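Below: one structure, written as structure tokens.
The values are calculated or read from the model by the stated rules, or taken from the named source; none is laboratory data. Remember, predicted model here, so these are calculated numbers, not experimental data. Using ideal geometry, Cβ is built from the backbone for each residue, glycine included, and neighbour counts are taken over all protein chains shown.
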Amino acid sequence: DTGVSQNPRHKITKRGQNVTFRCDPISEHNRLYWYRQTLGQGPEFLTYFQNEAQLEKSRLLSDRFSAERPKGSFSTLEIQRTEQGDSAMYLCASSSLGAEAFFGQGTRLTVV
Amino acid sequence: AQSVAQPEDQVNVAEGNPLTVKCTYSVSGNPYLFWYVQYPNRGLQFLLKYITGDNLVKGSYGFEAEFNKSQTSFHLKKPSALVSDSALYFCAVLSTSGTYKYIFGTGTRLKVLA
């Protein structure tokens, strides 16, 4: 297993378009997390899954954001009607209970 | 509420000198504490963790961290800094009350000067 994989690495989109990002976690990890990071800031929690169940969603996440983890494997994060304020690095991480989280390389979103 | 504070935005140290990057935390219950490093345009890379046991934990690339329960601190240290250690460092706590999410500090930029 080569770690957490995120695709695409970069995405440029026009304001108002929808975008979808994919995360493939480490296969034996049952927890999967999405974070957002803006320049020079720490990662902000967005949502997390235990297996296929979405257990928490941050209040930062408007209803334009949705995440899924069908069958408890890969996850997708969709942003509808993108806004310039959505421009950020979107990080995915996975972990086993109580252990460290392993992060992917991130998807950098630029909304123009 | 559980939180992490990194009081220094930037730490400068000369190559070969010891370095310390500070972190304090606020949690209910026993803390699960972590340090991560981030290089430009990359994801976060795990360095070390404290779950239980010895207060001094050793991690990757010669880094170590000291857990101090009375001061609620988990400072990152290295005896001899390298220029290649220059990066952004994040302290994190795993919230274990109700939900299991990692809460990160705002980060400290470490600059090692040759």
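Looking only at region B:67-104, how many residues end up being surrounded by 14 or more Cβ atoms within 10 Å (Cβ to Cβ), outside any loop (DSSP other than H, G, I, E, B) and away from every other protein chain (no Cβ under 14 Å)?
Number of matching residues: 7.
Quickly run through region A:19-60 and pick out the residues that are surrounded by 21 or more Cβ atoms within 10 Å (Cβ to Cβ) and among the small types (Gly, Ala, Ser).
Correct list: A:GLY42 only.
Can you pull out every residue in region B:34-45 that is surrounded by fewer than 19 Cβ atoms within 10 Å (Cβ to Cβ) and either part of a strand (DSSP E or B) or at pLDDT 95 or above (or both)?
Within region B:34-45, B:GLN45 is the sole residue that qualifies.
Please determine, by comparing only the residues of region B:105-114 that are more than 12 Å from every other protein chain (Cβ to nearest Cβ) and either touching a His at 6+ places or on another chain (Cβ under 9 Å) or not in a loop (DSSP other than H, G, I, E, B) (or both), which one is surrounded by the fewest Cβ atoms within 10 Å (Cβ to Cβ).
Residue satisfying both the conditions and the ranking: B:LEU113.
For region A:11-85, please list each of the strands (runs of 3 or more DSSP E) lying entirely inside it that holds at least 2 residues being more than 30 Å from B:GLN10 (Cβ to Cβ) and not charged (D, E, K, R).
Strands (runs of 3 or more DSSP E) meeting the threshold: A:19-24, A:44-50, A:53-57, A:65-68, A:75-79.
Could you tell me which residue of region A:12-29 is farthest from A:LEU77 (Cα to Cα), considering only residues that are within 14 Å of chain B (Cβ to nearest Cβ) and out of contact with any Gly (no Cβ under 9 Å at 6 or more places or on another chain)?
A:HIS29
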